[in-house]
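Taken together, the values in this text are just the output of simple stated rules run on the coordinates, not laboratory data. Here the structure is a predicted model, which is why all the values come from computation and not from measurement. Here Cβ is always computed from backbone atoms with ideal geometry, including for glycine, and neighbour counts include all displayed protein chains.
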Amino acid sequence: MMKVRRYLRGSGRVLAFVFVASVIWLLFDMAALRMSINDVNSQLVRERVIREKEIMMVKNQQHQLQHVGVTQAKRRGFKHPVQRVTRPGNIQQSPNLNLGHIYRHKLNPKFEVKQSNQRQEGHDFKGDNSKSALSNQNNRESFPKKKAVNLDLNVAVTSVTQVQPAVKTNKPVLKTELNKSAQFAHKPLKDKELKTDQKVEKDLNKNGLKVSHPTAEEAHPVKTISQQAPIKDVNRKEDVKPKINLQAGDNSSAVRKPGVHKVLSLDATHAPRDPNAVGQFGQPVILPGSKNAEVMKRWNEGHFNVYLSDQIPVDRAVPDTRPETCAQNLVHNDLPTTTVIFCFVDEVWSTLLRSVHSVLNRSPPHLLKEIILVDDASTKDYLKEQLDEYMSQFPRVRIIRLKERQGLIRARLAGAAVAKGKDVLTFLDSHIECNVGWLEPLLERVYLDRKKVPCPVIEVISDKDMSYLLVDNFQRGIFKWPLVFGWSPVPEDVIKKNNMKVTDPIRCPVMAGGLFSIDKKYFFELGAYDPGLDVWGGENMEISFKIWMCGGEIEIIPCSRVGHIFRGQNPYKFPKDRQKTVERNLARVAEVWLDEYKDLFYGHGYQHLLDRKVIDIGNLTEQIELRKKLKCKSFKWYLDNVFPDMDTPVVKAEGLVFNRGLRKCLALQKDSLSFEICDLSNQQFNYTWMKSIRHQDLCVAAQSTGSGFALVPCDNTKREFRWFYKTSNSALTEHLVSEFVPNHMCLEAEPRDDSVRLRPCQPSSVFQKWEFTRYHLQ
Ligand code: UDP
Ligand code: MN
């Protein structure tokens with residue numbers, strides 16, 4: 001004890017103090033080091049979380065729409081605002097809602113009288129005894145067989161040229177068959193589409209208009225119908241005539257000047273339409289709880305309420321959701337005709353039929369050249385012979401079958417390849433319902449300019465209660481990185497500046513995918529779809545960029561509306577992994593169309609796609625050649641002109657790179673780096689979306705030895721080029737931390753010789769702190 005006291009006296013005391021102080025200093029230093037390592041680690045974790053979030057965004061593009069509880073589509077990354085259609089158009093404010101108003105273009109005035117308030121709230125399920133419950137089996141047995149054409153798409157799609165026309169059935173529909181089917185909501189409508197032709201033609205002629213006939217090769221059905229006996233409906237005990245509401249025809253003043261007419265608001269259906277049918281007028285149906293088990297049992301067949309869909313008439317009415325003035329719009333009399341192409345794989349029977357009926361019933365027959373159903377190697381039995389039989393009653397409908405599953409992209413191409421119509425192709429999903437007046441406004445746009453690609457407003461058919469929901473005005477399709485599709489309203493200032501009305505076509509940077517019309521020749525001039533895209537996903541981006549960048553325009557036409565069932569999941573199998581398929585498709589699109597912006601795609605969580613050993617995106621030569629041949633504009637042009645509100649900086653940060661400790665700027669010297677007083681020569685660097693520090697084609701790469709670095713040609717696939725920077729507000733936010741070197745090293749300025757080196761990260765070291773002139777970090 002005495003000895004200790006003696007040591008602490010005089011110079012000994014000083015020595016002891018120095019000793020204790022240095023121990024404390026050492027402890028602090030170690031803590032700082034640990035902190036820096038923790039920081040780097042937590043930064044890495046955070047980085048990973050961000051990346052995973054981004055990937056999740058792509059994976060989970062299904063959301064529940066809060067206010068109506070409707071499933072948001074997978075491919076729709078962000079919300080498509082919808083409303084219940086209780087009051088369409090200018091009737092929206094009416095307190096005494098009447099369903100006759102909902103269905104503005106009434107088919108039969110009697111409906112109006114019969115409306116009940118109950119249906120506005122939700123349709124009570126009537127059970128299997130309901131008059132409108134379907135018994136498809138009965139119907140299916142009533143029709144002569146029609147053989148579909150089998151196509152072998154193992155050969156190139158373009159080689160598919162020989163397809164037999166659909167067998168035309170001249171045989172009149174037997175009364176007994178009709179009687180049998182009349183008790184069901186979904187009825188054979190063979191002659192109806194023919195009669196509609198006649199009626200439209202008559203009405204147009206009445207107004208001095210000429211209707212272009214389908215060619216003789218199609219054996220125009222108008223003639224056939226005149227030989228047929230009137231059809232009796234046993235329920236009504238009166239002649240059943242297809243009822244159409246033909247606005248232009250009803251009123252001779254409809255034609256304002258030669259060459260145009262008021263858009264036809266057709267809705268032909270097998271009359272009388274049963275106003276009490278389940279889901280009629282697109283109203284929601286609330287099933288009793290006792291049906292839950294059955295609903296659940298059948299849900300996965302389509303990832304929507306298949307059980308309920310099967311109860312709803314296949315030709316139900318839906319509310320006319322067009323803005324009020326749409327019905328008054330004029331369109332040209334000599335509009336081009338269209339071939340409608342539905343491709344499907346294992347589609348639910350009732351929704352497939354409802355899709356086809358909605359086209360047959362609500363399209364002016366003289367404009368509907370044909371409907372092609374492309375069966376993408378479905379596995380369900382009912383989609384084979386039964387479907388052939390059912391469709392054989394409609395001379396305009398043809399079925400082609402692909403021997404092997406091709407995916408929706410190549411299936412659509414197969415449909416386009418066999419289309420007999422020469423004018424316009426219209427692609428639709430196989431679970432849609434076209435609304436009244438849907439077709440002419442689309443064709444009008446193509447007529448005005450063959451490079452316009454019009455899309456209808458896609459409305460929502462609830463996957464749960466099958467109601468038809470109206471979407472908000474001024475919505476357009478856009479994308480966010482990494483190429484995630486979504487809906488977003490047109491910016492307020494654009495609406496104001498252009499004095500936009502709710503009926504005006506909306507410029508649409510990206511189409512949703514499934515529903516659009518396009519001039520047939522133009523479609524092929526554009527090289528159609530990239531046939532290298534598999535199954536599903538990315539094709540909407542591909543065709544959208546291609547259209548815009550190669551001289552066309554995509555528009556949403558508010559006066560054309562089509563309901564679509566948005567499903568939470570794809571109900572069909574992907575031949576390969578779903579996520580990998582979609583990622584691969586997107587990478588193809590990025591490589592061909594995004595130019596320098598592809599960094600943004602890969603940099604948002606898709607770095608792994610750059611490793612071609614992991615993912616083979618196939619050959620792109622043809623696509624790249626095509627882009628050159630078409631002399632398409634750059635992706636930058638697209639962003640600046642088509643999607644200017646996107647605000648997409650091509651790099652995260654740029655300019656001079658200032659070192660806080662040295663108070664000098666990073667400079668390029670021969671093939672290495674040093675420091676100089678900041679000026680503007682050789683000192684410009686970018687911090688890219690791939691996290692590289694880049695000067696033209698040269699990038700800073702960390703060496704695996706852990707202390708050195710090299711300035712070498714950039715390579716986005718390699719991790720030695722990636723530096724974390726400004727990834728969080730942690731202590732290392734201004735540090736450039738190598739992602740590659742195992743022990744997390746930071747780029748540091750060496751004051752002794754103005755060189756750059758790699759050192760263990762130290763949060764407080766000013767020599768490890770870097771500042772760029774401009775930041776565009778998102
Ligand atoms: N489809 C197809 N083959 C496939 C995948 C999809 O024919 O391999 C059809 C599908 O039946 C539907 C259309 O392509 O009619 C669009 O697919 P889906 O509805 O799943 O796309 P989403 O509406 O979810 O974007
Ligand atoms: Mn769909």
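Structure shown: which of 291/380; 520/573; 628/670; 403/629 lie over 28 Å apart, alpha-carbon to alpha-carbon? Over 28 Å apart, Cα to Cα: 520/573; 628/670; 403/629.
Computed over neighbours whose Cβ is under 10 Å from that of residue 316, the net charge equals -1, Lys and Arg +1, Asp and Glu -1. At an R0 of 56 angstrom, the distance between the Cβ atoms of residue 577 and residue 672 translates into a FRET efficiency of 0.80.
The label-point distance for residue 286 and residue 703, in a model that sets each label 7 Å from Cα toward Cβ, rounds to 7.4 nm.
Near residue 446, once Lys and Arg are set to +1 and Asp and Glu to -1 for all other residues with Cβ below 13 Å from its Cβ, the sum equals -1.
FRET efficiency for the pair residue 719 and residue 449, taken as 1/(1 + (r/R0)^6) with r the Cβ-Cβ distance and R0 = 35 Å, rounds to 0.15. Net charge of the neighbourhood of residue 653, taken over other residues with C-beta under 10 Å away and scored Lys/Arg +1, Asp/Glu -1, is +1.
For the peptides 361-370, 398-407, 625-634, the ranking by mean Cβ contacts within 10 Å, running from highest to lowest, is 361-370, 398-407, 625-634.
Between residue 633 and residue 297, the C-beta separation translates, for a Förster distance of 45 Å, into a calculated FRET efficiency of about 0.30. Lys/Arg Cβ at +1, Asp/Glu Cβ at -1, dipole of segment 497-594 taken about the Cα centre: which of 526, 540, 569 is farthest positive-ward? Of the options given, the answer is 569.
Label-to-label distance, residue 613 versus residue 524, with points set 7 angstrom from Cα along the beta-carbon direction: 4.4 nm. Peptides 262-269, 274-281, ordered by how many other C-beta atoms sit within 10 Å of their residues on average, highest first, read 262-269, 274-281.
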